[in-house]
Amino acid sequence: MSDKPTGELLEVESLRARYGEIVALDGVSLQVGAGEVVALLGANGAGKSTLIKSIMGIVTATEGAIRFRGQALAGVSPSARARGGLGYSPEGRRVFPGMSVRDNLLVASRASARVTAAQLNEIHQLFPALLQKEHAMGWQLSGGQQQMLAIGRALMSNPRLLLLDEPSLGLSPVLTSEVMTRIRAIRDRGTAVLLAEQNVAKALEVADRGYVMQLGRIVEHGTAAQLEQSPLVLQAVLGG
Ligand code: ATP
């Protein structure tokens, strides 16, 4: 398969992780190159969230290795991973409901006032609705706006790689398409994206390449065009 990465921003090698007796990752290897959108497809419980949490350092793998920008991540805390260039938008769009949209974004920044203002400006260009709603409270936003805010928060640190867990969850097809369009814009601004999704069609519209997970393993990988034609993809996503 001609799915060679364009660079080696992220390398995951033979990763295993478990929750007690449950094996959630059973020898997972994948790469994300600089400037790529890579889809991570699979049904509920396939292990997508666990893989993303392992990359972020929230779940500790029992075996295998993760390298980001050439550095082994074993023993590196989640906050140090964030400082090193990993951004994370968790499943379920966690925004602070009682805080304004602007403050939701500002609390995610550790940079100087000047850098923070520039970053805020970038995010407003990507998501104009967040500027219009800047003084609204988190709880007042629609589901799609909350998702955009959650992604905006993860972008405040200007990450090299954005880990995005199920952004389409609970969104209408129209809003899902809107979010996916922004993912392409994020990539075009120089942030690679690892996109965990159950919505295969929408994810493959924006992804360059993808991996398919089933029961903690990668069962298929290839370019978006190859995966669109692959019978294994639908089986893995529908069949669990
Ligand atoms: P989803 O879209 O539902 O989040 P997923 O592909 O992200 O699915 P994971 O959440 O990574 O899958 O789950 C992988 C496996 O690990 C499943 O069998 C799941 O039940 C189990 N699992 C996930 N989180 C926990 C946990 N905190 N404790 C015990 N088992 C868990």
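The values are calculated or read from the model by the stated rules, or taken from the named source; none is laboratory data. Since the structure is predicted, the reported quantities are computational estimates derived from the model, not experimental observations. Neighbour counts are summed over all protein chains in view; Cβ atoms, including those assigned to glycine, are modelled from backbone coordinates with ideal geometry. Heavy atoms of the whole protein, side chains included, go into the accessibility calculation; ligands, DNA and RNA do not. Shrake-Rupley method; radii C 1.70, N 1.55, O 1.52, S 1.80 Å.
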>> Only one of S112, S14, S89, S29 is open to solvent by 30 Å² or more (accessible area, probe 1.4 Å), within 18 Å of the chain's Cα centre (by Cα) and hydroxyl-bearing (S, T, Y). Can you tell me which?
In response: S29
> Does A46 fit the bill of being crowded, with 21+ Cβ neighbours inside 10 Å, over 27 Å from D188 (Cα atoms) and within 12 Å of the ligand (Cβ to nearest atom)?
Replying inline: yes
>> Please go through the stretch 63-77 and give me each residue that is open to solvent by less than 50 Å² (accessible area, probe 1.4 Å) and under 22 Å from I186 (Cα atoms), ordered by number.
In response: F68
>> For a quick check of your reading of the model, give me the residue pairs whose first member lies in the stretch 211-222 and is over 11 Å from A24 (Cβ atoms) and more than 13 Å from the ligand (Cβ to nearest atom), whose second is assigned to a loop (DSSP other than H, G, I, E, B) and among the hydrophobic types (A, V, I, L, M, F, W, C), with beta-carbon atoms closer than 9 Å and at least 6 apart or on different chains.
In response: H221/M1; G222/M1
>> I'd like to verify a number: residues in the stretch 120-144 that are within 23 Å of the chain's Cα centre (by Cα) and touching a residue at least 40 places away in the same chain (Cβ under 8 Å), how many?
In response: 7
> How many residues are farther than 23 Å from A17 by Cβ, open to solvent by less than 20 Å² (accessible area, probe 1.4 Å) and part of a helix (DSSP H, G or I) when one looks only at the stretch 201-232?
Replying inline: 4
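Evaluate the stretch 22-32: report whether one residue or more is farther than 24 Å from A207 by Cβ and either away from the ligand (no atom under 16 Å from the Cβ) or in contact (Cβ under 8 Å) with a residue 24 or more places away in the chain (or both).
Within the stretch 22-32, one or more residues are farther than 24 Å from A207 by Cβ and either away from the ligand (no atom under 16 Å from the Cβ) or in contact (Cβ under 8 Å) with a residue 24 or more places away in the chain (or both).
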>> Give me the residue from the stretch 168-199 that is surrounded by 19 or more Cβ atoms within 10 Å (Cβ to Cβ) and within 12 Å of the ligand (Cβ to nearest atom) and, out of that set, nearest to the chain's Cα centre (by Cα).
In response: A196
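Take the residues of the stretch 106-123 that are in a loop (DSSP other than H, G, I, E, B) and among the polar types (S, T, N, Q): which is nearest to G85 (Cα to Cα)?
S109
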